[in-house]
């Protein structure tokens, strides 16, 4: 369901491919940065994540981007496409030429001015996720003048601005050309310099990352002088650190730790939303001889699941009920949630010709913490007559089977996380999927050629409606990331959810004196 803040984000995506002239004005000065804030986090930082040229898919990889670097535009509390290094941008009607007007007076941490040369350099230097896709389409990137960048593609590329968002690439995050040419790539990766709110101090892989406030940041002077992030894999240790005052924030408090946190005096619990949505995907729906080919069977399977109990029992504090895998996406459509109605599920199965149920083939949930989650789904199905054989596979083996097309007779649990909304939807019906509905494929082909942002949004909405009405996916739950917040932290440091579920913007974080 797209409500509250999510509606705000959805509205923010409307004009991404026509003339976009929105100003992001700096918020002025602030007091001198002071104090230290420590976070006990559940992930570690790859050295590649510190360099915009090597951005990868996982959202934690964008943590160093928001910390040390800045982008042409980026998700902020003001909206999804908030101007940052670019004051404004335009796209040609055919979506082949994009121009970015840069903000004047922006400084890198070493004092160098940020200009169009740095932007072009960063574009051409990029080697991260989707680099072959973007640079394969790229005809030319040029600095028209010190504060105007023009990018020309060989063919219409209406998704280009979507590709610059977190979860897709770090293509739009800018590094200093002169500095990198002076010190070399290897030295830069060890000690990155950017134009973000914090300067790099230290990185010990698997241990900690340290940053210090950059008082020359264009948007505002950060509130906190020093930020320290400690990689603590065990949630019990993270929570204990916050209780003892050794950390101010502890991330991902699941299960018993979530319950413990709620009872801990002096601590707060915040549960930033995550873009992760879990679904069951009946790959067998494409086989006309399979019961899964009947939409009544797929709807019955959806109605048989008690999603709220599934969320409460298996991931307390970390999940909510989901109604479609694109919930919370700026271009996602709001649909009524599937209710828990096992009696109606049985009636639908009887109407489909299976009054005594049927053998539904193999079912592949993820191994580890998601195994009991998958077993519970199988139990709900069995109660209405849908009998599956639950198969235990580790994630690499499961992905290999999926990519090899070997699951045509089964059902698997998935987390559709392609960087673009079209990519997530196309796993259901495009050429590389398990099957294809010609009418949906026709709308998808039209979407890929369309350059009007409103028309593209309408087409994606039509596709989502078709998916929902045919129950091509069986939505399960959404994922939150509960965090323990110590008494020194003021307000809510999670301001860019659901797309960004770490504490950001970092320059806005405040602590008690």
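Only the coordinates and a few stated rules stand behind these numbers; no lab work does. Predicted model, so just to flag it, every value in this text is computed and none were measured. Cβ sites come from the backbone with ideal geometry, for glycine too, and all protein chains shown count toward neighbours.
For this structure, a couple of remarks:
- Computed E for residue 439/residue 334 - FRET, C-beta separation, R0 25 angstrom, nearest 0.05: 0.65
- Paramagnetic reach from residue 152 in the stretch 80-108 [backbone N under 19 Å; point 7 Å along Cα→Cβ]: 90-101
- Here the stretch 225-322 yields Rg over Rh of 1.19, to two decimals, using C-alpha coordinates and the Kirkwood radius.
- With 0.36 nm allotted per residue and the present C-alpha distance subtracted, the residue 448-residue 371 stretch has 24.0 nm of extension available.
- Debye equation applied to the C-alpha atoms of the stretch 468-511, log10 I(q)/I(0) at 0.16, 0.18, 0.21, 0.34 Å⁻¹: -0.56, -0.63, -0.75, -1.25
- Label-to-label distance for residue 133 and residue 362 is 2.9 nm, based on points extended 7 Å past Cα in the beta-carbon direction.
- Modelled spin labels at residue 202 and residue 344, positioned 7 Å past Cα toward Cβ, are 5.9 nm from each other.
- Listed peptides 72-82, 142-152 by packing density, highest first (mean Cβ within 10 Å): 72-82, 142-152
- 20 Å reach of a label modelled at residue 220, 7 Å along Cα-to-Cβ, counting backbone N of the stretch 69-92: 69-87
- Label point distance in nm, residue 56-residue 104, each placed 7 Å from Cα along Cα→Cβ: 4.1
- Annotation for the stretch 127-145 versus the stretch 206-244: alpha-carbon center distance of 33 Å.
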